[in-house]
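Engineer: Take this structure first; my questions come after.
The values are calculated or read from the model by the stated rules, or taken from the named source; none is laboratory data. Owing to the predicted nature of the structure, the values given are computational and were not obtained by experimental measurement. Positions of Cβ are generated from backbone atoms using ideal geometry, with glycine treated the same way; all protein chains shown enter the neighbour counts. Keep in mind that these areas ignore ligands, DNA and RNA; they rest on the heavy atoms of the full protein, side chains included. Shrake-Rupley method; radii C 1.70, N 1.55, O 1.52, S 1.80 Å.
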Amino acid sequence: NAGVTQTPKFRVLKTGQSMTLLCAQDMNHEYMYWYRQDPGMGLRLIHYSVGEGTTAKGEVPDGYNVSRLKKQNFLLGLESAAPSQTSVYFCASSYLSPKQETQYFGPGTRLLVL
Amino acid sequence: DAKTTQPPSMDCAEGRAANLPCNHSTISGNEYVYWYRQIHSQGPQYIIHGLKNNETNEMASLIITEDRKSSTLILPHATLRDTAVYYCIVEAGGTSYGKLTFGQGTILTVHP
């Protein structure tokens, strides 16, 4: 199993450009998440999904949109990139479980907005 | 307010046990203690979690005090590859989604 994969690994954008980050998981997980991590800080939840066709806002959703058209994929979109969105983006997935929150993370996408 | 308090950094000699403390004095009865780590530039990795009892798996042991106000993650024989940021997270199980709140964590440096 590949686990959680993210595409692309690195990207440079100019202010105002748009892009989509792709997250894919092959573990048949119900839940998927997008986090961002800024230098010296912990991860902050942007959006999440509890199943195919569903999405919800996390802690820092402004400036981002997401879609979960297929169970194995979770897309994060930036419609008009801003320098404040320069960060490392991590995707994660987990089982639907009432007793534990074991999340499996991807390798990250490094985004630089100039 | 942060749910957990961890020392910002710790050192450990290779081959020795690394004991990472975490205070969570306001933990509720339905909240679990989770430990994740993040090796430089990689995504976080789940280590272990527990509710009341001590737990052990192939990676580590988790010791939770009887009053559940603090816990210790133990890496029994630390290696250089264990150098990472370790996050102690307290979250309720059975929530509608898997919410994990990452704080600053503890930077563990394992020396040769």
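Engineer: Has segment A:90-97 got any residue that is over 12 Å from A:Trp34 (Cα atoms), modelled with pLDDT of 95 or more and loosely packed, with under 15 Cβ neighbours inside 10 Å?
Structural biologist: No - not one qualifying residue is present in segment A:90-97.
Engineer: OK, next. For segment B:51-61, indicate whether the set of residues that are closer than 26 Å to A:Leu45 by Cα and facing chain A (nearest Cβ under 9 Å) is non-empty.
Structural biologist: Checked against the condition, which is being closer than 26 Å to A:Leu45 by Cα and facing chain A (nearest Cβ under 9 Å), segment B:51-61 yields at least one hit.
Engineer: Could you please find all residues in segment A:10-35 being farther than 25 Å from A:Ser80 by Cβ and touching a helix residue (DSSP H, G or I) at 6+ places or on another chain (Cβ under 7 Å)?
Structural biologist: none
Engineer: Taking A:Arg11 as the residue in question, decide whether it is within 22 Å of A:Ala56 (Cα to Cα) and either part of a strand (DSSP E or B) or out of contact with any Lys or Arg (no Cβ under 9 Å at 6 or more places or on another chain) (or both).
Structural biologist: no
Engineer: For segment A:1-54, which positions are open to solvent by 20 Å² or more (accessible area, probe 1.4 Å), among the aromatic types (Phe, Trp, Tyr) and modelled with pLDDT of 95 or more?
Structural biologist: A:Phe10
Engineer: Residue check: is A:Gln103 surrounded by 21 or more Cβ atoms within 10 Å (Cβ to Cβ) and more than 30 Å from B:Ser9 (Cα to Cα)?
Structural biologist: no
Engineer: A follow-up question, please. Find all pairs meeting these conditions: Cβ atoms under 7 angstrom apart; at least six residues apart or on different chains; first residue within segment A:66-86 and at negative phi; second residue among the charged types (D, E, K, R) and crowded, with 20+ Cβ neighbours inside 10 Å.
Structural biologist: As it stands, the answer is A:Phe74/A:Arg68, since those pairs meet every condition given.
Engineer: Could you list all residues from segment B:76-87 that are open to solvent by 10 Å² or more (accessible area, probe 1.4 Å) and either within 11 Å of another protein chain (Cβ to nearest Cβ) or assigned to a strand (DSSP E or B) (or both)?
Structural biologist: B:Val85
Engineer: Please work out if B:Gly103 is of a type in the set (Gly, Ala, Ser), over 14 Å from the mean Cα position of the chain (by Cα), within 25 Å of A:Gln37 (Cβ to Cβ) and not in a strand (DSSP E or B).
Structural biologist: Here the answer is no, as B:Gly103 does not meet what is asked.
Engineer: In segment B:23-47, what residues are more than 10 Å from every other protein chain (Cβ to nearest Cβ) and within 23 Å of A:Pro39 (Cβ to Cβ)?
Structural biologist: B:Trp35, B:Arg37, B:Ile39, B:His40
Engineer: Consider A:Ser87 against the criteria (1) closer than 20 Å to B:Ile39 by Cα; (2) away from every other protein chain (no Cβ under 11 Å); (3) loosely packed, with under 15 Cβ neighbours inside 10 Å; (4) small (Gly, Ala, Ser): it satisfies all of them except one. Which criterion is unmet?
Structural biologist: (3)
Engineer: Which ones in segment B:31-75 are free of Cβ contacts under 8 Å to residues at least 12 places away in the same chain and of a type in the set (Gly, Ala, Ser)?
Structural biologist: B:Ser41, B:Gly43
Engineer: Would you confirm, using the coordinates I've provided, whether B:Ile89 is within 15 Å of the chain's Cα centre (by Cα) and closer than 28 Å to A:Glu52 by Cα?
Structural biologist: Here the answer is yes, as B:Ile89 does meet what is asked.
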